[in-house]
Each structure stands twice: as structure tokens, then as C-alpha cells.
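Asker: For reference, the structure I am asking about is given below.
The values are calculated or read from the model by the stated rules, or taken from the named source; none is laboratory data. Keep in mind the model is a prediction, meaning the values are calculated, not measured. In this analysis, Cβ positions are derived from the backbone assuming ideal geometry, glycine residues included, and neighbour counts consider all displayed protein chains. All accessible areas refer to the heavy atoms of the entire protein, side chains included, with ligands and DNA or RNA removed. Shrake-Rupley method; radii C 1.70, N 1.55, O 1.52, S 1.80 Å.
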Amino acid sequence: MSHVNVVEPFLESVAAFPDKTALIYQERNYTYTELNARVNTAATLLQEFGVQSGMKVAYLLPNCNELIEVYYALQKIGAVAVPLNTRLIEPEIAYLLAASDASVLVYGADFEQKAKRAISSHEKKVVSICVGGIQNGRCIFEQAMVRQTPTEPELFKQADSLSRIQYTGGTSGCPKGAARTHRADLVEFKAILESNDLAKNPDNVVLIQCPIEHHGGHSWFTISFAAGVTVVLCGAFDAEEILAAIERYHVTYMILLPPTSYARLLCHPKADSTDFSSLRLLQSSAGGTTEEIIELIYRKIPHAVLNYGWGQSESGAGTSLKITREMLEQGAPEIESVGKPMKYAEMKIVDKKGNDVPDGEVGEALFRSEAVMSGYYNHGKLATYTLIEDGWLKTGDLMIRDGQGYYYVKSRMRDLIKSGGENVFVAEVENTILKHPAVEDCVVFGIDDIVLGEAVSAVVQLRPGEQLSLSDLQEHCKKYISSYKKPRQAAFVKHIERDDAGKVRKTALIETYQEQFEKEARKICLEDREAETS
């Protein structure tokens, strides 16, 4: 491989398209030359604060140009990026700062209070840099952009060194840091670009709305700049803003997450009068995409193709499938699949003993590629279980493969709820609910939700004589975990049956309450729509 640093494909685009618009954010345009100059200025600033190669630098930033600048600056000087979810609360931020050995936290002004509290509760010293606000009487990041000379730093060149620690989940409820090297991310770039043909036309315009601190959003902004195209970056989901941007900037590629966001976008009153003729590819991902959503997409956006796939922070690359209108009209069975492995990757399905299973039988999907993580940062034993012999990654997802080589996701081996594009770990929510003095036992699971994809739901066993409402339970949870992790529905019962091993028959429990919870979710959705139109 000719490249050894993930920033090199971006630098090639800077050289090839110096005056071309690289990024559009909040109606401000940055050419490739201007964006690279800001990256270099950010690198100088970080070095002033003592950042050197190998150091871990966390950032708590929303979708914004500064996140991109900080990320590329860290790569140039050989530091390790630690993206943090902006919806995390203070204890979660403090935990991840410690788990990642971060010595610097770059945060947005809107998150100043929780960032400072997280830092103050951290045992080790963490240097803080504020973006978009005042710190110690100075507007740190913005002033640096004015006073510094954007000198190109000496490029760090060690392909097998860590580039990024991307936090993901696990059954223990404790996030795990997927340790990703420069080499792994460079292979991921190549695999994704060959699966979606983005680089074949340098005039492409890519709209990204999903959080770019997530693995999926990160992949898309980095492959876009590697392809030399223009990125239109959006913040929180705003259907009217996205529709206007599609028309104004003649967007050709678009990624929205979760997949239900496409339904929200296309059901907006202004969608019918929006010109979608420029769109050529819409990116979606495993989970939450239904035949109804696919039909809606092709009814409203006839010239685009839906690109669908599966992947993980651990795997880097994944699977890909272009779902065409013809496949939809013909009722092709592979529409329900997540496609085939991308180039530079291979997959297989195995049983509990690690033996290959025949096509059509359910087993755990194993994945192998140079795009796979090197391990879990500071979780060596867990990585040994996940990364097994001959370079295979145990994905934890149950799948089947058909005779044509298409893969179908059946369920997750680990208890993980994908709610509104966010990972919610069952054990973490259950442990939080059990902290309430009125609660004796609980079971948490996800149910289908028209807006969120999956909604967090709970069955709660109360202590004798105790009473608890859903709103009381939600307020309790928000004290310990991010608001999006709280239960959206709950049933309060006298007894949750467990077997001799202490395990709940979760399938039976879910069947008992699923219909009730889904009816409640639909009712809430209808009430919200009526409120919007009244």
C-alpha cells in the first residue's frame, strides 16, 4: 500500500483540486486549500498544548468543520483521535477519558459544563480546549486560527500505529474502544469507495447528516475527501434543511441514519415539491430498513439507487448491496439481505464450535480483512475472544448465507438495541433501573418503532407496596445515563419469572408485552403528528 497515514488521500485531493469546494457547513464554503490550511493551524495549536505522536486526544464535538479539522490535524502529527458521542453525560465522558488514556479533551461550547465536570472528576490531568466559546477569557480555537501560520507539519508515517479509538458497546454495558490503525482505515476507504463508486465522478456532492463522530459518519466524510468530492455537512436531523440543501447544492450522494430518517424526510410536506433529480445514491445500513421504506424511496426519488450494507466499528469494512428498482419490482429475495462482503474482505458462518455451517443455516458471522481493528484498547482479554485464529473477527451477529453468497442478518448475539441510530446496551439500562429503590427486578429489550427503528422498553418488577410511573423511571435513568437510553415504554409487574439459573425467558416476556408497547408507540407517533399539524 502506498499510503501509510489516513490523511494522505485527503492531501492528494488538496493537490488535485486546490480551489474546489471541499466542505459546505452552515452555508459557509471551504475549498480544499482552505480546509487544509485550517487543519494545519489546528495541528499547530494542538502541538502548543503539548500534543505529540501517540497521545490520545478526545473530542466532544457536534457535526461541524472543527471536528474534521481536529481529526485530520491529529492524524498529521501522529496523535490518536478519540471521538465521543455528544449525547453522553458527565460520568460516561469521565469513564471514556480514563479508559482511552486521553490527556486532552477538545469540546464544543455547548458542552462546556458537562465537559468541565467530567474533567474535574477524572483522576489524571486532562488539558481542555474549547471550540466556539470563551475559555479563561480567550476564544481559544478561533483565535488560534487567526494568529497561527498554517505550516504543513512533518507527516507522521507509521501505518500500523493507532489512528483512532472508536468506542462501541458490549454485553457488560461498558463501552469498548475499537483500536483502529492507519492501515486498517486505509483499507476500509478502498473497500467502501469500490462498493459505492463515489470516486468515479469528482463532481459528486455528498450530503452527510448522521453524526460524524460515529463510525459510519466518520467513514463517509473521510472517503468523500479521499475521493475529492464536495461534502455538505448537516447537524441534527431537520427535514426542511436537508430538502433545501439537496436542491441548492445538487446533492448526488446522501447518507442518513437511522434508515427510518428517509421515511421522515420523504413524508415531510415539502418533499413532494423538492427536486430530487440530482440524487444518484442513498446510503442505508442494516437494521430499520423495510420494504415500505424502500418503496417510498423509489416512489419519491426515481433516479437514485439505494445502497445497503452492514458493518461494525470492529470490522471497518463490511457488506454492500445496491437495491435497484427492478429488484424491488421483481420481489427479489436478496432485497432482505445485507449483500455480499466488500472487496478486500471475506465472511463465513460458523456454529458455536467454530465449524462452518451449510448455506441457509443460522450461525455467527465471522469477518476477515486488513480493515479489521487491531483489538480493543485496554481490553486485551476481550480482544482475544473477539479476534480469533487466522485473523477472523467474531462479529456477534447471527446470520445466514444463501446459495448466491448473500448474507442475511437474523439477530444479534449480544443484547444491543439500535435506537435512533444510537447503540443502547441492555445491561447498562438494566443496571441503572435497578438502582431505583422501588425496583426489585427488571428486563430491558427493544421493540420495533416507526421513528427510532427500535425503542428501549422495560418490564419492571416493583418491591412490595411500591409504586412507580414511567415518567418517574425516566427521570431516574437520566441521572445516570444519556436521555436516549431511557425506556420509552414500561410495564410494572409484581413478578418476573426466572429459571433455576436465574435467567429470564426473554422471548416469552417480549411476546407478552411487545404488542402492547408497539401500540403505545404508534399512538405516541400519531399524537406527535397531530400536534405538528395543529
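Asker: Taking R0 as 60 Å, what FRET efficiency do you get between L382 and H303 from their Cβ-Cβ distance, rounded to the nearest 0.05?
Answerer: 0.85
Asker: Over 20 Å between Cα atoms: which of K76/K343; K494/K519; K56/K76; K348/K381; K124/K157; K56/K176 fall into that group?
Answerer: Pairs exceeding 20 Å: K76/K343; K494/K519; K348/K381; K124/K157.
Asker: If you don't mind, another one. Provide the per residue accessible area, probe 1.4 Å, for the stretch 55-145, rounded to a whole number of square angstrom.
Answerer: Here the per-residue accessible area is 34 Å².
Asker: Let me ask something additional. Using a Förster distance of 25 angstrom, determine the FRET efficiency expected from the C-beta separation of A236 and Q113, and round it to 0.05.
Answerer: 0.80
Asker: Considering only protein heavy atoms, what is the solvent-accessible area of R325 at a probe of 1.4 Å, reported in Å² to the nearest 10?
Answerer: R325 has an accessible surface of roughly 70 Å² with all protein chains in place.
Asker: Just flag the GluC sites (Glu not before Pro) in the stretch 1-96 sitting in loop per DSSP whose Cβ has no more than 16 other Cβ atoms within 10 Å.
Answerer: E27
Asker: Just the number please: accessible area per residue for the stretch 364-497, 1.4 Å probe, all protein chains included, in Å².
Answerer: 45
Asker: Follow-up. Where Lys and Arg each count +1 and Asp and Glu each count -1, what net charge lies around V429 among other residues with Cβ under 10 Å from its Cβ?
Answerer: With Lys, Arg at +1 and Asp, Glu at -1, the net is -1.
Asker: State, to one decimal in nm, how far the label point of K125 lies from the label point of K410, with both points 7 Å from Cα in the Cβ direction.
Answerer: Each label point is offset 7 Å from its Cα along the Cβ direction, giving 5.5 nm.
Asker: OK, next. Find how much the distance from K478 to K506 grows on full extension, using 0.36 nm per residue of separation minus their present alpha carbon separation; answer in nm with one decimal.
Answerer: Answer, rounded to one decimal: 7.6 nm.
Asker: State the Cα centre-to-centre distance between the stretch 168-247 and the stretch 416-488 in whole Å.
Answerer: Between the Cα centres of the stretch 168-247 and the stretch 416-488 lies a distance of 30 Å.
Asker: Please give the contour-minus-distance gain from E295 to K20: 0.36 nm per residue of separation, less the Cα-Cα distance, rounded to one decimal in nm.
Answerer: Separation in residues times 0.36 nm, less the Cα-Cα distance, equals 95.4 nm.
Asker: Compute the signed sum of charges (Lys and Arg +1, Asp and Glu -1) over the other residues within less than 11 Å, Cβ to Cβ, of K20.
Answerer: -3
Asker: Shifting gears a bit: Amide H neighbours of G318 under 5 Å, at least 5 residues apart or on other chains, H built in the peptide plane: list them.
Answerer: M342
Asker: Moving to a separate point now. Search the structure for amide H atoms under 5 Å from the amide H of Y376, placed 1.01 Å from N in the peptide plane, and list their residues when 5 or more places away or on another chain.
Answerer: Amide H to amide H, under 5 Å and 5 or more residues apart or across chains, Y376 pairs with A179, A383.
Asker: Something else about it: If R0 is 56 Å, what FRET efficiency do you get for D402 and Q52 from their C-beta distance, rounded to 0.05?
Answerer: 0.65
Asker: Follow-up. Can you run phi through the Karplus equation (6.51, -1.76, 1.60; θ = phi - 60°) for the stretch 369-374 and list ³J(HN,Hα) in whole Hz, with x for Gly and Pro?
Answerer: Karplus-based 3J(HN,Hα) across the stretch 369-374 equals 5, 5, 7, 6, 4, 8 Hz.
Asker: Multiplying the sequence separation of A332 and R463 by 0.36 nm and subtracting their Cα-Cα distance, what value in nm do you get?
Answerer: 42.0 nm
Asker: Explain nothing, just compute: Karplus ³J(HN,Hα) = 6.51 cos²θ - 1.76 cosθ + 1.60, θ = phi - 60°, for every residue of the stretch 386-398 in order, whole Hz, x for Gly and Pro.
Answerer: 7, 9, 10, 4, 6, x, 7, 9, 7, 7, x, 10, 8
Asker: Kindly list the residues of the stretch 206-222 that lie in the label zone of S374, defined by a backbone N under 14 Å from the point 7 Å along the Cα-to-C-beta vector.
Answerer: none
Asker: Over the chain, what percent of the accessible surface lies on carbon and sulfur atoms, probe 1.4 Å?
Answerer: Exposed carbon and sulfur together represent 48 percent of the surface.
Asker: Counting only residues 5 or more places away or on other chains, whose amide H sits under 5 Å from the amide H of L23 once H atoms are built in the peptide plane?
Answerer: Residues meeting the amide H criterion: Y30, V231.
Asker: Express as a percent, rounded to the nearest 5, the fraction of DSSP beta bridges in the chain (both residues included) that run antiparallel.
Answerer: Once the DSSP bridges in the chain are tallied, antiparallel ones form about 60 percent.
Asker: What accessible area per residue, rounded to a whole number of Å², is obtained for the stretch 241-309 using a probe radius of 1.4 Å?
Answerer: On a per-residue basis, the stretch 241-309 sits at 40 Å².
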